[in-house]
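Laboratory data are not the source of any read-out in this text; all were calculated from the coordinates shown. Because the structure is a prediction, the values reported are computed rather than measured. Virtual Cβ from ideal backbone geometry, glycine too; neighbours counted across all protein chains shown.
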Amino acid sequence: MSHQQIISAIKNKEYKPVYFIHGAESFFIDEITKAFEQLILTEAEKSFNFSVFYGKDTDFTAVRDTAMRFPMMASHQVVIVKEAQEMKSLAKLKGYIEHASPTTILLICHKHKKYDMRSAFGKVLKAKAEVFESKKLYDNQIAGWVRDYIKTKGFKIDDNALELLSEHLGTDLSKIANEVEKLSINIPKGTTLTAQHIEDNIGISKDFNVFELQEALGVKDALKTHRIVNHFASNTRKYPLMMTLASLYGFFSKLYIAAAHSRSSDLEMATALGFKFRDPKKAQYAAKFRVEKFRKAIRYYSKEQVEHIFSILKEYDLKYKGVNNTGTPEGELLKEMVVKIMYA
C-alpha cells in the first residue's frame, strides 16, 4: 500500500494490528503518524487507549505489555513507537507481532533509513504486518508530486508557478507542504496558482529566483544575470550559495543531456531529461515547454564548456566549505562563480 492508501484505509476504519513504516523520507512517515494520532480515536477515547513511546527511551517489554492490554470503552487502542531506529530491543517485538492483539493498532515508525527486511524480524514484519517503505523522491519526481499535493488541497497550478516552487524549495517535502499550507490559508479553493500567488504568499520572488537565474545564464543575458546575482548576494540567508550551486548543477547536467539529443523531437528530449507526462494528448505541448530553455541554451554552450562549468561548480562548492578560501564572503563567491560560468 502507498502512504495515501494507508491513510485512506484508516479514514474508512479499516485497521490492521501492526503497521511498520520505515525509510529515508520522513514526510510520508509523519503524514501516516498524524493520521493514526487524529483519525482513529476520539479525544475521550484517547484518555485510556492512546500510548506513544520513543525508541531511545523505551524497550520492547514496555511496548509489548501496553499492546497486550484490552481497550477501555473503545473498540481499539492505539500504540505508536516513534524513532524506532533508536530502540535497541526492537527486534524482540517479533513474538508479539507473530501473535498481535486484534484490538490493538500498533504503529512502528523507523525513520531516516530502510530497515533490513531480510533479517528474522524483517521477515516476520513482511508476513504479519502492513509494511510501508518511505522512499526519497528523485529530482524529476518532485514537480509531479507538488502538482498532485496541491490538487489534494483544492487547487491547480500553472507550469511557471510549479517550476518556480519546485526549483526554489528543492526536495524537502515537509518544507514544500508547509509552504503549500500558507497558500491554502490565503487563497480561495479552486484557484489556479500562478507565479504571482507564489510571490505574494510564500515570498519567492518571480523575478529573483534560481529558475530565472538558470534562464538568464542559459542565454548569457549578462544584465539580468548580474541583477539576480546581486540580489542573491545581498541576502545569502534567503538565497544560500549551496541552494544556487545545487540548482545550477541540475540545470547544466540536464543541458549536457539535452545537447546529446539536440536533433531529437521535443518529446524525445524531454523524456531523456526525465520529464513524465500523464496525458498523451498534451504531451507534445508540455514537452515543448519543458525543453524550451535547454534548446535556447544549447546555442550558447558547447559540450566542452558545460564540462568546464562542472569543474567551476565543484571549485566553488569546495570554497564554500572552506577549501582554498581565505575568507571570501558567500555573496562574493557567488558573484565570482557566476562570472566564470558566464564566460566559460
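Search the structure for amide H atoms under 5 Å from the amide H of residue 74, placed 1.01 Å from N in the peptide plane, and list their residues when 5 or more places away or on another chain.
Close amide H contacts, sequence-distant or interchain: none at all.
Would you please give the residues with an amide H less than 5 Å from that of residue 18, counting only those at least 5 places away or on a separate chain, with H modeled from the backbone geometry?
106, 130
As an exercise, identify the chymotrypsin sites (Phe, Trp or Tyr not before Pro) in region 130-197 lying in DSSP coil whose Cβ has no more than 13 other Cβ atoms within 10 Å.
Taking region 130-197 and a limit of 13 other Cβ atoms within 10 Å, the loop chymotrypsin sites (Phe, Trp or Tyr not before Pro) found are 138.
Between region 281-314 and region 55-107, how many Å separate their Cα centres?
The two parts, judged by their Cα centres, are 52 Å apart.
Region 115-179: percent of C-alpha pairs farther apart than 20 Å?
When all Cα pairs of region 115-179 are counted, 43 percent exceed 20 Å.
Can you give the Kirkwood hydrodynamic radius of region 141-342 from its Cα pairs, in Å with one decimal?
Kirkwood radius, region 141-342: 17.9 Å.
Each residue of region 212-217 in order: what ³J(HN,Hα) in whole Hz does its phi give by Karplus 6.51 cos²θ - 1.76 cosθ + 1.60, θ = phi - 60°, with x for Gly and Pro?
My calculation for region 212-217 gives 5, 5, 4, 4, 5, 5 Hz in order.
Hey, can you grab everything whose amide H is under 5 Å from the amide H of residue 81? Only 5+ residues off in sequence or another chain; H modelled, so Pro and N-termini drop out.
When sequence neighbours closer than 5 places are left aside, the close amide H contacts are 53, 107, 108, 109.
For region 155-172, what does the Karplus curve 6.51 cos²θ - 1.76 cosθ + 1.60, with θ = phi - 60°, yield as ³J(HN,Hα) per residue in whole Hz, taken in order and with x for Gly and Pro?
10, 10, 9, 7, 5, 5, 5, 5, 4, 4, 5, 5, 5, 6, 8, x, 10, 7
What does the convex hull of the Cα atoms come to per residue for region 1-123, in Å³?
Numbers: hull volume 12.3 nm³, N = 123.
Hull volume normalised by residue count: 100 Å³.
Working from Cα positions, state the angle (0 to 90°, nearest 10) between the long axis of helix 241-260 and the longest principal axis of the chain.
For 241-260 against the chain, the angle is about 70 degrees.
Averaging sequence separations of C-alpha pairs under 8 Å and six or more residues apart, then dividing by the length of the chain, give the relative contact order as a whole percent. Don't jump to the answer; show the numbers that get you there.
Details: 441 pairs, mean separation 47.5, N = 344.
After rounding, I find 14 percent.
Quote the Stokes-Einstein diffusion coefficient, in whole µm² s⁻¹, for the chain, based on the Kirkwood radius over alpha carbon pairs, a temperature of 20 °C and a viscosity of 1.002 mPa s.
Reported coefficient: 92 µm²/s.
Nearest 10 degrees, 0 to 90: what angle lies between the long axis of helix 330-342 and the longest principal axis of the chain (Cα atoms)?
Between the helix axis and the principal axis of the chain, the angle is about 60 degrees.
To test your reading of the geometry: what angle, between 0 and 90 degrees and rounded to tens, separates the Cα axis of helix 303-320 from the longest principal axis of the chain?
60
Answer with one residue from 124, 108, 21: the one whose Cα lies farthest towards the positive end of the charge dipole of region 3-133, charges on Cβ with Lys, Arg +1 and Asp, Glu -1.
The Cα lying farthest towards the positive end belongs to 124.
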